[in-house]
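One structure below.
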Amino acid sequence: MFYNAFMHAENAPISEDVQNRYRALRAEVERHSRLYYVDAAPEIADIEFDALLSELAAFEAEHPGLDIISGSPTQRVGGEPLEGFATVEHPVRMFSMDNTYNAGELRAFDERVRKGLEGEPPTYVVELKIDGVSISLRYEEGRYMRAATRGDGYRGDNVTENVRTIGAVPLALKSGPPVLLEVRGEVFMRHGEFARLNRLREEEGIALFANPRNATAGTLKQLDPKEVRKRRLSILVYDIAPIEGANLTTHWDTLERLEAYGFPVSAHRKRCASIEEVLAFCEEWRTKRHELDYETDGMVVKVDAAEHRRRLGETSKSPRWAIAYKFPAEVARTRLRDITVQVGKTGTLTPVAELEPVQLAGTTVKRASLHNFDLLEERDIRVGDMVEIQKAGEIIPQVLRFVPEERPADARPFPIPEACPECHSEVRQDPDGVYYRCLNPACPAQIKGRLEHFASRAAMDIEGLGAALVEQLVDKQLVMNIADIYRLDEQTLAEKLKKENVKSSNREKSSRNLVEAIEASKAQPLRRVLNGLGIRHVGGHTAEVLARAYGSIERLMDAPEEELREVSDVGEIVAKSVYDFFHTDENRALIARLKEYGLKLEEEQAAAPAAQTLAGKTLVVTGALTRYTREEIEERIKALGGRAASSVSKKTDYLVAGDNAGSKLAKARELGVPILTELEFEAMAGGES
């Protein structure tokens with residue numbers, strides 16, 4: 001819903017009732033944000049949280065006199081793409097730590113500390129060592145102001161806007177923080193998000209990230225904060241820089257103070273009175289860490305007392321009062337029995353290592369990813385080799401290398417397939433890519449993959465239509481595309497289950513339940529169908545964006561490619577993929593069949609505008625807005641008949657400029673393009689819609 005900006009004057013007094021409702025709504029959003037990003041225990045689905053956040057943004061837009069500033073969760077939405085990263089000088093140097101790898105080295109560290117303290121016994125605080133990217137956060141009067149990477153310790157990259165999008169980073173602090181506060185933490189990616197991101201990259205034919213740390217570093221280097229926001233980074237804060245106003249006596253108290261301010265702090269920490277207690281705690285976490293949903297590579301041991309730290313001081317590169325105890329990398333050796341090739345729903349051919357079973361990080365590993373054929377050739381991995389395997393992000397087994405001294409004489413390279421192993425059709429490498437693909441859309445492996453994806457919970461949610469049944473239906477040629485699903489009836493399914501020796505009562509119930517689930521799926525909204533169609537580069541988020549933008553399958557199918565490029569979060573590559581999909585005779589026939597079977601093919605909230613007040617006009621939006629999110633204002637422009645473009649040109653009719661507008665504002669002035677404030681845009685658009 002959009003609100004008339006003139007309903008409330010900018011400085012109109014806000015009633016106590018409105019303020020109370022605002023505080024309650026904001027607190028609810030912040031609570032769910034913490035449950036998701038900090039506690040990893042969400043109570044509501046993503047779409048429900050997005051609706052709650054939209055409700056908060058709408059309330060703020062309706063009441064512009066509210067004290068929103070930078071503390072509101074609505075201010076996390078990424079702004080304009082960055083032109084680059086400025087350099088930031090750290091007020092207090094960010095040191096790196098020396099490493100130890102065994103109990104003897106850790107005891108030697110304790111001896112050095114005791115010597116430095118002239119025999120006075122230290123107390124230690126031991127925490128998990130997160131394998132991520134070190135970051136420094138600056139707050140002024142309790143408000144988030146800046147974030148910077150460690151860099152060389154003296155200066156790093158200004159990544160303020162990227163870090164702002166991380167849900168766990170508080171934008172406004174609690175419990176009376178000092179006027180100036182500089183905190184240190186580690187940005188990281190959880191295992192589930194790492195796996196999700198790599199699945200998307202694999203579908204798009206993009207090289208996979210090797211591990212969560214690489215994925216985190218690559219994400220923070222993105223120039224578009226909106227892209228960063230999509231990747232759901234996490235953060236844990238572990239220290240306060242010793243600047244004026246931050247006068248805490250122990251590290252343990254520092255961690256408790258950080259929690260009171262609202263920062264996420266690791267709960268897995270211990271205060272230890274001796275180095276033997278430290279070693280016992282480290283040993284406890286050597287295997288226990290595999291229960292976590294993020295990657296750790298050791299423990300950090302710190303002297304607790306601030307006075308002891310001051311007396312111990314630092315070397316040229318690291319503090320004398322802290323050290324990292326690194327766990328040995330969990331790598332297993334086993335024999336590579338064979339290499340098989342998997343064919344995905346978009347035709348991607350992926351080599352898979354078939355291994356002699358081996359124990360690794362608490363599980364038995366029989367298969368491991370080889371990623372792509374270029375990497376297989378580059379690492380010279382051959383069938384018969386003794387190989388080393390490791391779990392990327394503790395979840396995905398991958399082959400690291402072969403062991404040269406144990407290579408048998410008959411080890412043989414695995415050739416790049418010239419034909420699809422499933423249907424024997426032509427295989428071709430992606431232009432400027434690393435993946436080889438089967439070019440036959442009727443390939444049984446692709447059909448099975450597309451059917452499983454279409455029936456999945458994220459798409460049409462057809463319970464009972466799992467991988468085993470899909471395989472049987474395709475092998476018997478009962479279902480050869482997603483439209484064929486809607487031809488299935490209880491009798492056909494019962495006959496199929498009868499041949500599989502399923503008991504009579506069970507097969508009748510299973511057949512009836514599946515047919516009911518298929519029928520219920522016809523009511524799924526357009527975003528679910530678009531996700532289920534398996535269009536290359538289109539996942540759940542992009543499907544939702546397209547569904548909101550067009551409202552119906554007909555409008556989307558008729559959209560020109562250049563128009564698709566201008567849709568928020570779409571871009572050139574996705575636009576071409578969507579356009580090509582809907583301009584293929586086979587796919588247009590598929591959509592026609594889905595219509596005949598009664599699928600909805602419309603988005604629930606799609607609605608025609610009351611008046612096309614911006615018909616034929618091209619508008620560009622820039623800067624920080626107060627009454628809209630970027631998606632909302634662009635949706636409103638389109639709903640009123642206008643075109644929301646991303647760059648200013650001679651064809652631009654208006655530029656809507658918020659705060660801190662940059663190069664687009666200068667370009668508009670240079671070209672003489674009329675410039676509107678948000679209030680002026682509202683007046684021209686016709687107020688509330």
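Numerical summary
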| quantity | calculated |
| --- | --- |
| Burial order of peptide ranges 177-187, 235-245 (average beta-carbon count within 10 Å, highest first) | 177-187, 235-245 |
| Tensor-based shape of segment 515-569 (alpha-carbon gyration tensor, a/c under 1.5 rounded, otherwise prolate or oblate) | prolate |
| Over the chain: helical MRE at 222 nm, DSSP H runs n ≥ 4 each giving -39500 (n - 2.57), nearest 500 | -11000 deg cm²/dmol |
| Charge context of His583, other residues only, Cβ under 12 angstrom, K/R +1, D/E -1 | -3 |
| Arg457/Arg114 FRET efficiency (R0 45 Å; Cβ-Cβ; nearest 0.05) | 0.20 |
| Over segment 558-689, relative contact order from alpha-carbon pairs under 8 Å, at least 6 apart, % | 22 percent |
| For Phe49, solvent-accessible area (1.4 Å; no DNA, RNA or ligand), Å² | 40 Å² |
| Residue-count net charge about Val470 - beta-carbon cut-off 10 Å; Lys, Arg +1, Asp, Glu -1 | -1 |
| Sites Val179 and Asp17 - FRET efficiency at Förster radius 30 Å, r taken between beta-carbons, to 0.05 | 0.35 |
| Percentage relative contact order, the chain, counting C-alpha pairs under 8 Å, at least six apart | 11 percent |
| Whole-percent carbon and sulfur share, accessible surface of segment 155-296, 1.4 Å | 47 percent |
| Rel. contact order, % - alpha carbon contacts under 8 angstrom, at least six apart, segment 292-442 | 19 percent |
| Hits among lysines - C-alpha to C-alpha of Lys115 under 27 Å, sequence gap 8 or more where chains match | Lys129, Lys270, Lys302, Lys317, Lys326 |
| Percent of beta bridges antiparallel (DSSP, segment 552-689, rounded to nearest 5) | 20 percent |
| Separation of alpha-carbon centers, segment 86-149 and segment 306-363, rounded to whole Å | 22 Å |
| Three-way shape label, segment 193-256, alpha-carbon gyration tensor, a/c 1.5 | prolate |
| Accessible surface of segment 623-672 [probe 1.4 Å, protein heavy atoms]: carbon and sulfur percent | 45 percent |
| 1.4 Å probe accessible area per residue over segment 560-671, in Å² | 52 Å² |
| Label corresponding to Cα extents along the principal axes in Å when calculated from the structure given, among [x] 82, 74, 59; [y] 79, 79, 50; [z] 85, 80, 54 | [z] |
| For Ala305, residues with placed amide H under 5 Å, excluding near neighbours | Thr123, His251 |
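The values are calculated or read from the model by the stated rules, or taken from the named source; none is laboratory data. In this text, all values refer to a predicted model and were calculated from it rather than measured experimentally. For neighbour counting, all protein chains shown are included, and Cβ atoms are generated from backbone atoms with ideal geometry for every residue, glycine included. For accessibility, only protein heavy atoms count, side chains too; no ligands or nucleic acids. Shrake-Rupley method; radii C 1.70, N 1.55, O 1.52, S 1.80 Å.
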